[in-house]
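Chemist: For reference, the structure I am asking about is given below.
The values are calculated or read from the model by the stated rules, or taken from the named source; none is laboratory data. This structure is a prediction, so every number in the text was calculated from the model and none was measured. Because the Cβ atoms are built from the backbone with ideal geometry, glycine has one as well, and the counts that use them run over all protein chains shown. Calculation scope for accessible area: heavy atoms of the full protein, side chains included, ligands and nucleic acids excluded. Shrake-Rupley method; radii C 1.70, N 1.55, O 1.52, S 1.80 Å.
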Amino acid sequence: MFSKQDLVALKAYDVFLDDHNETISDRLRADLSDDPIVGMIMASLSEEEQMKQDRLSRELQKAAIHEGKWETYTEHLSRQGIAYAQVGLKFSDWVRIITRYRDYVMELLKEEVYDDNEHLLLIIKGKNKLIDYALDVIGRTFINELKEKYIKKSEQLELALSVGKIGVWDWDIKTGHISWDTIMYQLYDLSDDEFKNRYEDFEKRVHPDDRQRVYDEVSRSIESKKDFITEFRVLHTDNSLHYLTGRAKTTYDQEGVPVRMIGTNMDITDVISKQTEIDNIKNAIYKSNLVAEFTPEGTITYVNEEFLKLMGYTFNELVGKHHSILVSSEQRESKEYKEFWQRLSEGKHHEGRYPRITKDNHIVWIKGNYNPIINTNGEVYRVLKIATDISPMMEAEQQIREFNKRLEEKVEIRTADLKASNKELEHFSYTVSHDLRAPIRAISGFAKVLDKNLEGKLDTQGQHYFDVIQENVSRMGELIDDLLAFSRMGRTEKKLIDYEMKTLVQEVFGYHTQTEDSPIINLTIGELISCPSDRDMIKHVWGNLIENAIKYSSTREQTDIIISSEAEPDRVVYKIADNGVGFEMDYVGKVFGIFQRLHDDDEFEGTGVGLAIVHRIVQRHGGEVWAESKLGEGSTFYFSLPKTLKT
């Protein structure tokens, strides 16, 4: 690496640096601080960090000269070369730094007084040897680093061109020779044998309808000395159509003669395909909707044919006018209208129903979307309106409103009639309760007087007639009571509450079995699900059903009654089953009718109103009633109540 004489010179130079290195470094830093390249790199390090690096370099330098540790010093210089390359320092910049370093050393040597010229020359030789060595190591490392960066960038560029389907070509205009990269062969679907580096070799792949145009555009580009930019189609051997872009730049000699054109081709088939899809969607929207475009301030820039048909204008009559031409004067001056456009200009979307004024001054209704279009700077540059004509729908809604108004008026009239009918019914109830009861009481009273006065004087037949009168008077009273109860159940206001259904059933059953002559009944009460309802009304329901079950099972040696419930998705079903006489299912339709009876009075007493009351109460709650029975085997009665409260 270095001879013995070289090492002597290096040591002599090292002694010189012991006295002057700090001065040289300070001068160099001061001089280079204003350099546009080196100064920027120096500014990224503090003065302390710079001095630290200088001390490290000096220590490694001395160790190499005096101890032979050149490998460590060389690695340090290599790292410097890599660092300079990575921060963008050019090799010429590094040479400039070394040149200044040499100049400062020589200036200091001139200032020193040396009696021995040979010693001076020895220091200069050592300086040159050390600087040349450092420059060689850093230079080689610097160049290798740049080479690696170039290779990496080339690989990245090649990958980008491949992914982007971008081919590069070079055309020597004088000789006609064209060079291609590998991607160009793929773009034109040509092999090495098919492409002979001539224009006509690939021109055959250009779509026949595009060939002349592309040739003319190339010629105009060369003649005008402007960049070549175009789009064209290429046909592959499988007849598939591909879209390419072409870009190129021409170079000229000193006389202005074109000598070379370098350019690229890029496959934009996917882009064209997507754009075609977008255009088709756009056309579909524009043909089936009312479409208009505006500036952010509201100036009309475009309207489609459907919009013109609805509004009665021509294209030129609207484009360039402000949107306010389509609204009433009151709306035009309103605060809401100004805020509407202000919000659109801020990028806020609007959707709603809007009245618009046609050219012949008619009002039409549209349902529109106002969509601000944002450019790459984040600014609104257009407002796109897509709307539909909803005038027929608005007219229909107006007709519905008018119909509803008339219906409400009819309801009010019917309600008034119903109130009047209810008053008449109340009057009838009063008449039944008082006027009809009076003769019944009179008959009953006089019958009792006759019974007392004629006691022991009537024969058997006469006493029978007298008993029949008393029984029918009593039955007539019961019938009036049941009739009034039936009437009240249709008019009484419901009071829906939550309560324990099982407790209510036990209460009702206890009431009907409290007398001494009550039969022994085997009662089974299963789970009874509670359901919101009017407790007093449902008490009447259970009262009639339990009373009937007891009555129609009274002929059995043992009366069995089972009461239970079952939950369904939207209702609760209750049932009461007995082992009574039952009835034929052919007559089930008569069971819940008023005054409808399936048995004679001499079999079972009753007025035929109880189950009618049950039906009315359950129906008022929004439920249903039904029955299942078999003659001689008993009956099961059901009723349901909705789970949701219904007032």
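Chemist: On the basis of being of a type outside the set (Phe, Trp, Tyr) and within 18 Å of TYR185 (Cβ to Cβ), does THR230 make the cut?
Modeler: no
Chemist: So which of GLU547, GLU568, GLU557 is surrounded by fewer than 19 Cβ atoms within 10 Å (Cβ to Cβ) and either aliphatic (A, V, I, L, M) or under 57 Å from the mean Cα position of the chain (by Cα) (or both)?
Modeler: Checking each option against the conditions leaves just GLU568.
Chemist: Now, a different point. I'd like the full set of residues that are surrounded by fewer than 14 Cβ atoms within 10 Å (Cβ to Cβ) and of a type outside the set (D, E, K, R), limited to the range 212-233.
Modeler: GLN212, TYR215, SER219, SER224, ILE229
Chemist: Check whether at least one residue in the range 295-304 is without any contact (Cβ under 8 Å) to a residue 60 or more places away in the chain, in a strand (DSSP E or B), open to solvent by 90 Å² or more (accessible area, probe 1.4 Å) and touching a Gly at 6+ places or on another chain (Cβ under 9 Å), and report yes or no.
Modeler: The answer is no; no qualifying residue exists.
Chemist: Only one of these conditions is not met by ILE469: (1) open to solvent by 60 Å² or more (accessible area, probe 1.4 Å); (2) modelled with pLDDT of 75 or more; (3) in contact with a strand residue (DSSP E or B) (Cβ under 7 Å, 6 or more places away or on another chain). Which number is it?
Modeler: Answer for ILE469: the failing condition is (3).
Chemist: So which residues in the range 543-555 are of a type outside the set (S, T, N, Q) and modelled with pLDDT under 85, if there are any at all? I'd like the intermediate steps shown before the answer.
Modeler: From the range 543-555, those of a type outside the set (S, T, N, Q) are 543, 545-547, 549-552; that's our starting set.
Scanning the range 543-555 gives a single hit, TYR552.
Chemist: Among the numbered criteria (1) part of a helix (DSSP H, G or I); (2) more than 15 Å from ILE262 (Cβ to Cβ); (3) out of contact with any helix residue (DSSP H, G or I) (no Cβ under 7 Å at 6 or more places or on another chain), which one does VAL218 miss?
Modeler: (2) is the only condition that VAL218 fails.
Chemist: Moving on. Based on what the data block shows, is ILE538 touching a strand residue (DSSP E or B) at 6+ places or on another chain (Cβ under 6 Å) and either modelled with pLDDT under 90 or under 15 Å from VAL505 (Cα atoms) (or both)? Can you show your working first?
Modeler: Numbers: touching a strand residue (DSSP E or B) at 6+ places or on another chain (Cβ under 6 Å): no; either modelled with pLDDT under 90 or under 15 Å from VAL505 (Cα atoms) (or both): yes.
Criteria not met by ILE538.
Chemist: Please enumerate the residues belonging to the range 80-102 that are open to solvent by 80 Å² or more (accessible area, probe 1.4 Å) and either part of a helix (DSSP H, G or I) or modelled with pLDDT of 85 or more (or both).
Modeler: GLN86
Chemist: Before we move on, is PHE16 assigned to a loop (DSSP other than H, G, I, E, B), surrounded by 13 or more Cβ atoms within 10 Å (Cβ to Cβ) and touching a residue at least 24 places away in the same chain (Cβ under 8 Å)?
Modeler: Values: assigned to a loop (DSSP other than H, G, I, E, B): no; surrounded by 13 or more Cβ atoms within 10 Å (Cβ to Cβ): yes; touching a residue at least 24 places away in the same chain (Cβ under 8 Å): yes.
No: the conditions fail for PHE16.
Chemist: Return yes when ILE123 is surrounded by 12 or more Cβ atoms within 10 Å (Cβ to Cβ), at pLDDT below 80, assigned to a helix (DSSP H, G or I) and not polar (S, T, N, Q) and no when it is not.
Modeler: Answer is no for this residue.
Chemist: Among the residues that make up the range 53-67, is at least one of them open to solvent by 40 Å² or more (accessible area, probe 1.4 Å), polar (S, T, N, Q) and part of a helix (DSSP H, G or I)?
Modeler: yes
Chemist: Follow-up question, since we're still on this one. Take the residues in the range 68-79 that are surrounded by fewer than 16 Cβ atoms within 10 Å (Cβ to Cβ) and of a type outside the set (S, T, N, Q); name whichever of them is nearest to ALA9 (Cα to Cα).
Modeler: GLY68
Chemist: State which residue pairs qualify: first residue free of Cβ contacts under 8 Å to residues at least 60 places away in the same chain and surrounded by 14 or more Cβ atoms within 10 Å (Cβ to Cβ) and inside the range 185-204, second residue hydroxyl-bearing (Ser, Thr, Tyr) and in a loop (DSSP other than H, G, I, E, B) in any location, beta carbons under 9 Å apart, and separation of 6 or more residues or different chains.
Modeler: TYR185/SER191; ASP189/THR237; ASP189/SER240
Chemist: Could you tell me whether LYS287 is closer than 30 Å to TYR243 by Cα and touching a residue at least 12 places away in the same chain (Cβ under 8 Å)?
Modeler: Values: closer than 30 Å to TYR243 by Cα: yes; touching a residue at least 12 places away in the same chain (Cβ under 8 Å): yes.
Yes: the conditions hold for LYS287.
Chemist: Quick check: is even one residue across the range 604-627 of a type in the set (S, T, N, Q), under 21 Å from VAL505 (Cβ atoms), outside any strand (DSSP E or B) and at pLDDT below 90?
Modeler: Taking every residue of the range 604-627 in turn, at least one turns out to be of a type in the set (S, T, N, Q), under 21 Å from VAL505 (Cβ atoms), outside any strand (DSSP E or B) and at pLDDT below 90.
Chemist: Residue by residue through the range 370-404, note down the ones that are open to solvent by 70 Å² or more (accessible area, probe 1.4 Å), closer than 30 Å to THR358 by Cα and not in a strand (DSSP E or B).
Modeler: PRO392, MET393, GLU395, GLN398, GLN399, ILE400, ARG401, GLU402, PHE403
Chemist: If you take the residues of the range 234-293 that are within 18 Å of HIS207 (Cβ to Cβ), part of a helix (DSSP H, G or I) and among the hydrophobic types (A, V, I, L, M, F, W, C), which of them is least open to solvent (accessible area, probe 1.4 Å)?
Modeler: Taking the candidates together, the pick is ILE272.
Chemist: While we're on this one: Those residues that are surrounded by 13 or more Cβ atoms within 10 Å (Cβ to Cβ) and modelled with pLDDT of 65 or more, I need them from the range 147-176; list them, please.
Modeler: Once the filter is applied, which keeps residues that are surrounded by 13 or more Cβ atoms within 10 Å (Cβ to Cβ) and modelled with pLDDT of 65 or more, the range 147-176 yields SER162, LYS165, ILE166, GLY167, VAL168, TRP169, ASP170, TRP171, ASP172, ILE173.
Chemist: Now for a separate question. State which residue pairs qualify: first residue without any contact (Cβ under 8 Å) to a residue 60 or more places away in the chain and inside the range 368-384, second residue open to solvent by 50 Å² or more (accessible area, probe 1.4 Å) in any location, beta carbons under 6 Å apart, and separation of 6 or more residues or different chains.
Modeler: ASN369/GLU351; ASN371/HIS349; ILE373/ARG382; ASN375/TYR381
Chemist: Kindly indicate whether any position in the range 324-340 is more than 19 Å from TYR286 (Cα to Cα) and within 26 Å of the chain's Cα centre (by Cα).
Modeler: Yes, the conditions are met somewhere in the range 324-340.
Chemist: Let me confirm something: among ASP498, ASP482, ASP435, which residue is modelled with pLDDT under 70 and either under 30 Å from LEU545 (Cβ atoms) or in contact with a strand residue (DSSP E or B) (Cβ under 8 Å, 6 or more places away or on another chain) (or both)?
Modeler: Residue meeting the stated conditions: ASP482.
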